[in-house]
Structure formats: structure tokens, C-alpha cells
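> The structure follows.
Quick note: the coordinates plus some simple rules give every number you see, no bench work behind them. Not measured: the values here are computed from a predicted model. Here the Cβ positions follow ideal geometry from the backbone for every residue, glycine too, while neighbour counts run over all protein chains shown.
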Amino acid sequence: MPHRTPSPPPSEHQQFVKGLPVSGGIVIGRVLVIDDELRRVMPRSIEPAEVRGENARFDSAVKASIAEITRVHTQAEKEMGKEAAKIFSFHIGMLSDPTLLKQVRAMIENDLVTAEYAASHVLDRLAGQFRSAKDPVFATKVNDIEDLTTRLLAALMGGSRASRAEQADKGTVIVARDLTPSQTAGFDRSRIVGFATDLGGMTSHTAIIAKALEIPAVVGCRTLLRDADDGDRIILDGDHGVVILHPTPETIAQYERAITVRRARQVTLTELRDLPSLTTDGEAVALLGNIELPDEVERVFGAGGEGVGLYRTEYLYLTGKSEPTEGDHYRAYQRCVQLSGGKELVIRTMDLGADKYTQAQEEIPERNPFLGCRSIRYCLKNQPMFKKQLRALLRASALGPIKIMFPLISSITELRQAKFLVNDTMEELEEEGLPFDRSIKMGMMVEVPSAAIQADTFARESDFFSIGTNDLVQYTLAVDRINERVANLYTPNHPAVIRLIRDVARAARRHNSPVSCCGEAAAEPEYAMLLIGFGVRTLSVSASAIPTLKRFIRGISTEQCEKIAKQALTLDSDVQVAALLRERARRLVPEAFDGSELE
């Protein structure tokens, strides 16, 4: 059970730094700073007679780098699975790109400069093209290019790019400006227990690898590197994105108690894995998992989940140098179907745009991509790309049950267009003699107020709803949830938000249409209680949240939840709603909270 951020005694030295939580867990350790900014390579002229030698040095460094990445890729496949390890296939592909290699050689030959300078200059220019998109998540590609640059320069200069991390003591927390995917994958986890970076975002490759490796991590700390020194005492709270430098003895004691309770709870929660998710009055509440990668299906079942309620397919676009093929899509979905074993599997079509992918493809990026051409809008404008995914989904549906879910539907026209494209794709496959599930279910995310307000209309044409609280809160309250300046305004407890959710659940019930909630709020027991009170009977959350949620659900009744939900609707502020839910949840199921929080 995630704890609440503590309010420890004031201290002149203790420093709280807020970042973005990308991989859960609490660790207490000592800082090791890796200030691994790219080495600035000064231009140095060479003689024409030296060109051949510089080109040979460059070719040798490329081969050595590819060999090193191949080793990392092999190890990553063992530890994280094939999908997560694809990041390193992308790195190998870049270093094998004839166009890129030709540019470096041409600069050596035409400008008569060293291989180090030519490689650094060409790759930095390529990184600049992604960086100019001015979208925080394009650090994903910039990060990869910087990784390659550092690796190449290390090969050319004979340096070791991981020497400090290799010398880490046990209980080390890495603090860095940024970390590359291969650095993160290469950490010795018997000694390195977590990391925090000033840069980075929720969808960066480094963040995804941290989740896959289950190493606690906080990114986007902005000023942490400035204040941290080797050997400093540090607490890293990967659940809430908090880093504490120079913690007081009282704060350390609080977190040590929380860690002890978490460990004990994990043992207890494991015993619940095979028990049904039933309320005390016998009402079933299905607990499904949210996944980024196919291999995470096993983690969902291992935690006691009943299936997958949200498979985010954007990862296929973030790990490759080019757009994924129909075959890439099919292999990922095939793996999911195999691992799901006939259980619930909801695959969301690509939610690209805003911070995820599309802005890097545009000559002139959108000024406000969150309100621009993203998600289903982007798919409908790029139908050839969309149909590759639909073909793969339908082909995979012949192997086992799949449900298709469309993201960010805001008008009935969008839903109809998306369903038309699915039916059109079915006809193509039929003509080609390829099998698929003709009766495949097609549902939608409810993520914007227009969809929630028109839920009755959508329920007539959608097989199911999934309420996405992350975006629903963001668009209802006009608050960017990753903007620290307004983060205090982002709350799913806002009366307007809970009324919209209530209305969606009512509409679904009237039309006998299944409704689930797959947003982050569903993982919090207090909020799950509210959702159950509104009639939601399926919750889709991260695998790590399933055991605690199951224990809580087994300690409450639907009647209690309904009474609390009715009372919450009478309140006029998010503070009052939060206080009500918190107090009632702890009174009804105290064993789900005892010792799990830091006050």
C-alpha cells in the first residue's frame, strides 16, 4: 500500500525534492553522483593523409559499440523481456544506419577533423532535431542519441563510461542529471538500489526500463544534482516522487518503519493472490492490470489479477527507429494473447500525440499538443498507419479473446469512424482469407467531459466503457497533471469529476454496458470505495496495486460504498471529499492502512 508523503520535523539541512514517480518503492541509502554530461569535444584539424586512419578509428569504434550494445541487449532480454529490450535494437540500428555513418565519414574527409569531433557533431545535430520539438518526452529519442554519442566517444577515447557506477557500494542511490537506457539496464542491482535524475519524463525509455527492472526511481527532480554529493544520506520514495537529502534521524526512522511494514505486508498479501475479489456482501469486483509490455501479463496474474484491462500500445512506437510494421504489432499482441490464456485482454489502440510521439514527426509542432491532434484524432488522420494496427489486432483475435478500446473519444462521429475502419479492415482480411473474430468487442475510453456528458449516446454504440481518470481530471479541471506549478489543483476528488464518473456509471447501467476504471485513482483504496459506490465493478490498475486493493475490497460491503458515495456527492470541495473518503476507508478497513503511512 503506497504511503502518504510525510511531514517530518523541520531541519536546516533536510531537503525535500519533488519529482515524477516512475518506478515504485522506498529505499534509504547513500548518494553516488554520476554527472555524465557528454564530453565536449573540441575541433581538432587533421592532415589529408590522416583521413584514412580517422575513418578506420571511427569504424572500429562503431563495431566495438555495436558489440557492447549487443551484450547489453542479450542481458536486457533475460531480465526485462524482449519488448523492453527492443530499445537496444534501436541503438544497434542507428549505429548501422548507412546515412548516419556516411555523414560522419564525410565530415572527417571534407572538414579534416578528428573522428571524435565528427561523430559528436553529427549526433548532436540529430539530437537537436528532436529537441527542437520542445516536447518534454522527446527526451526519449534525445536520450538514446546521447547514449550512443557517449558510447562512441568512450570507444574512440578509450574511456569507461560506467566506471563510477561499477564502483558503487551496497545501498547506493544514483543521482544524475540524466541516465541513458543502457546505463540503467547495466546497474548492478545488488549494490544500486534506486536512482533519481534532474531530467526525464514519465514515458522516457529510462523510466520504462526502471519499471521493467522494478528499481525505485524518481525523475524530473530539476535541482537535485546541484545539492547532492557523494556519500550524502538519501531517501528515495518512488511511490510519490519524493527525494529527501540529509534526512533527520526522525525521518529515517519513519521511513524504516514504512519499509518494514511494506515487506511484512507483501508476505501477507501474497496469501490473497488466489482468493476471489469479493465484497463482504458477496459482490464481485474484478481486478485487472494495466500493462506497457506483453511480458507484464505474467506479473498481473502473479499479483492476483484476473486479466488485462489496459494494454498501452504506444511502447511499440517509442522503441524503434521507424514506425512499427503490422508484423511488429501482431507479434506483441500474439504474445499477450498467449500469456493471457483466454482471460480478459483489453488492448487500447495507439494513444499517440502530445507527449508521446507525433510532435517529432511534424515540421511545425503544435503549440498545445494536449488539445491538438492526439490519440484517436491522430489515428483517424493517419489511416494507413492506424489500419496496420487494426489488421494486427484482428489477426491476433483469431488466437484468443481480445477487446479493442479507442482512446480520447470526444464525439460520436469519432467512435463511428473508428468502428467503420475496423469493419473495413475485417472485409479486407476476409477477402485475403485471414481468420479473425467477427464478433470482437469494441469499446472506448471516457477521458473528456464531452464523452462523460454524452455517455447515454455513446453507450448505445459502444460495447463497453473504461473511465480514464488521468485525462478526465486533466481536461475537466484544465490542469496539466505533470506541471508542478499547478499540481496542487490536479485531484480526482473534485466534485465536478466525481459527478461525471457517477453519470457515466449510471448511463452504462441503464444500457447494460460494462464499465471499468483504468486511471491511477482506481489504485487508491479510498477512491476504489467511491467507484464501487457508483456501480463500477471492474478496476484496472498496476500489478503492484492489486494485492492491497483486493484486501481492501474483501473488507467492505457495496452498501457501505454506496452510502459513502452519496455523501461525497453532497460535498462542495475536493478537500472535503478527500477527507471523507480517507476517514471512512480507515475506519472500515483499518488493517489495510495500519503502519502503511508516514504521518
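> Return the equivalent ellipsoid semi-axes of region 48-157 as a descending list in whole Å, where each equals the square root of 5 times an eigenvalue of the C-alpha gyration tensor.
Its equivalent ellipsoid spans semi-axes of 26, 18, 9 Å.
> As a quick test, which of the pairs 78/441; 82/441; 18/419; 18/381; 78/550 have an alpha carbon distance above 32 angstrom in this structure?
In this structure, 78/441; 18/419; 18/381 exceed 32 Å between Cα atoms.
> Can you give the relative contact order of region 48-157 as a percent, counting alpha carbon pairs under 8 Å and 6+ residues apart?
Dividing the mean separation by the residue count of region 48-157 yields 30 percent.
> Report the chymotrypsin sites (Phe, Trp or Tyr not before Pro) located in region 530-599 that are in a DSSP loop and have at most 10 other Cβ atoms inside 10 Å of their Cβ, or state none.
none
> Which length gain, in nm to one decimal place, applies between residue 13 and residue 82 when the Cα-Cα distance is subtracted from 0.36 nm times their residue separation?
20.4 nm
> I've got another one for you. How much FRET efficiency would the formula 1/(1 + (r/R0)^6) give for residue 227 and residue 188, where r is the Cβ-Cβ distance and R0 is 30 Å, rounded to 0.05?
0.70
> Please figure out what share of the DSSP beta bridges in region 271-592 is antiparallel and state it in percent, rounded to the nearest 5.
The answer is about 5 percent antiparallel.
> Take the alpha-carbon centre of region 178-198, take the same for region 278-303, and report the distance between them in whole Å.
Answer, in whole Å: 29.
> Name the long-range amide H neighbours of residue 446: under 5 Å, sequence gap of 5 or more, or other chain; modelled H, no Pro or chain starts.
466, 467, 468
> Using +1 at the C-beta of Lys and Arg and -1 at the C-beta of Asp and Glu, which of 301, 556, 397 has the Cα lying farthest in the positive direction of the dipole of the chain?
556
> Placing +1 on the Cβ of each Lys and Arg and -1 on the Cβ of each Asp and Glu in region 48-157, which of 104, 122, 69 has its Cα farthest towards the positive end of the resulting dipole?
Positive-end residue among those listed: 69.
> Given R₀ = 51 Å, what would the calculated FRET efficiency be for residue 260 paired with residue 47, taking r from the Cβ atoms and rounding to 0.05?
The computed FRET efficiency comes out at 0.15.
> For residue 461 and residue 248, calculate 0.36 nm times their separation in residues minus their Cα-Cα distance, and state this gained length in nm to one decimal.
Separation in residues times 0.36 nm, less the Cα-Cα distance, equals 70.9 nm.
> Once you place label points 7 Å from the Cα toward the Cβ at residue 487 and residue 570, how far apart are they in nm?
3.5 nm
> In percent, how large is the relative contact order of the chain, given Cα pairs closer than 8 Å and 6 or more residues apart?
16 percent
> Tell me the relative contact order for region 364-510 as a rounded percent, counting alpha carbon contacts under 8 Å between residues six or more apart.
20 percent
> On to the next question. How far is helix 412-432 tilted off the main Cα axis of the chain, in degrees rounded to 10, range 0 to 90?
Relative to the chain, helix 412-432 is tipped by roughly 70 degrees.
> Set the Förster distance to 45 Å, then compute FRET efficiency between residue 506 and residue 298 from the Cβ-Cβ distance, nearest 0.05.
Calculated transfer efficiency: 0.80.
> What is the magnitude of the charge dipole of the chain about its Cα centre, with +1 placed on the Cβ of each Lys and Arg, -1 on the Cβ of each Asp and Glu, and no other charges, expressed in debye to the nearest 20?
With Lys and Arg at +1 and Asp and Glu at -1, about 700 debye.
> Can you compute the radius of gyration and Dmax for the chain, using only the Cα atoms, both in Å?
Here Rg and the maximum Cα pair distance are 25.1, 85 Å.
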